[in-house]
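What follows is a single structure, written as structure tokens, with notes after it.
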Amino acid sequence: MLKLYGHVNRLSANTLKLRVALAEAGAAYEYIPIDLSKGEQRKPEFVALNPHSKVPVLVDGDFRLPESDAIMWYIAETHPAAKLLGSTAQDRARALQWCDFGTTALYPAYFDLYLHTVSNPPEQRLAPVAEAGRSKLERALKVLEQTLGERQWLAGAYSIADIGNASVLRAAQDRVKLDLAAWPHIQAWYGRVTARPAWQAAIAAG
């Protein structure tokens, strides 16, 4: 059976997207929570799985794979019936493009805003960093809004790209009170993603 080492908060963005992908694939797996606040990611047995000392990590027999986007891709590749990648090279490249967007544009912007308005102690919050995060988040949202005004799903058909980006937006709504009403195409797309049975099952099991 697959083993997924993830955040103790099963609804954190990088953990949730893998749980949704696994649910879409109908894959059985064991979930092993790692408590970062207790330093469990630095224990020798975990470092042996990922020298970077970060979650998530997927273990499939002797195969160990860190990095959430790589794990989503692996889930999609090993469960083709779920159709979480495209059917052509261009479709798959598009899915990877939007996974990269979620990881390198959307997530860092949201997380900087979260750290410097909510998470950090007040004396460690830097207003310029928070404002830069807000600006970068708005820029990323404008790109998403334009794209989703032209098509129903980010990569043409529903894919890991939709799962990854929607997971970030869920966290942003929860933690920095992002209002999707200002972005009608994103809001409609988010509704389509989160209405899927796999998403609902992952949230319910969280």
Quick one: what do you get for segment 7-82 if you divide its Cα Rg by 2.2 N^0.38 Å?
-> 1.08
Under a point spin-label approximation (7 Å from Cα along Cα-to-Cβ), what is the Ala89-Gln152 distance to one decimal in nm?
-> 2.8
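Quick one: putting +1 on the C-beta of Lys and Arg, -1 on the C-beta of Asp and Glu, what dipole do you get for segment 1-142 around its Cα centre, in Debye to the nearest 20?
Details: 17 positive and 16 negative charges, 53 e Å.
Roughly 260 debye, rounded to the nearest 20.
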How many angstrom separate the Cα center of segment 103-125 from the Cα center of segment 130-147?
-> 14
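Okay, helix-only estimate at 222 nm for the chain: each DSSP H run of n ≥ 4 adds -39500 (n - 2.57), divide by all residues, round to 500 deg cm²/dmol; what do you get?
Counting only the DSSP helices, I get -16000 deg cm²/dmol.
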Report the local net charge at Ile163: Lys and Arg +1, Asp and Glu -1, summed over other residues whose C-beta lies under 10 Å from its C-beta.
-> +1
Once you put a point 7 Å from the Cα of Ala201 and another 7 Å from the Cα of Gln124, both along the Cβ direction, what distance in nm separates them?
-> 3.8
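Using +1 on the beta carbon of Lys and Arg, -1 on that of Asp and Glu, and nothing else charged, what's the dipole of segment 90-206 about the Cα centre, debye to 20? Before the final figure, lay out the partial values.
Working: 13 positive and 11 negative charges, 32 e Å.
My answer is approximately 160 debye.
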Give the relative contact order (percent, whole number) for the chain; include only Cα pairs under 8 Å separated by 6+ residues.
-> 24
Can you give me the Cα centroid spacing of segment 54-100 and segment 1-33 in angstrom?
-> 13
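Net charge around Arg192, counting only other residues with Cβ within less than 13 Å of its Cβ (Lys, Arg = +1; Asp, Glu = -1)? Working shown, then result.
Details: positive: Arg151, Arg196; negative: Asp162.
It works out to a net charge of +1.
Within 11 Å, Cβ to Cβ, of His7, how many net charges do the neighbouring residues add up to if Lys/Arg are +1 and Asp/Glu are -1?
Working: positive: Arg10, Arg19, Lys54; negative: Asp35, Glu40.
Result for the local shell: +1.
What shape does segment 162-206 have by the C-alpha gyration tensor, where a ≥ b ≥ c are the square roots of the eigenvalues, rounded means a/c under 1.5, and otherwise prolate means a/b greater than b/c and oblate the rest? Kindly include the intermediate steps, with their values, before the conclusion.
Values: a/c = 2.23, a/b = 1.36, b/c = 1.64.
Oblate shape, in that a/c is at least 1.5 and b/c is the bigger or equal ratio.
FYI, it's all coordinate maths here, none of it is from the lab. Everything quoted here is computed from the prediction, not taken from an experiment. Glycine gets a Cβ as well: all are built from the backbone with ideal geometry, and neighbour counts include every protein chain shown.
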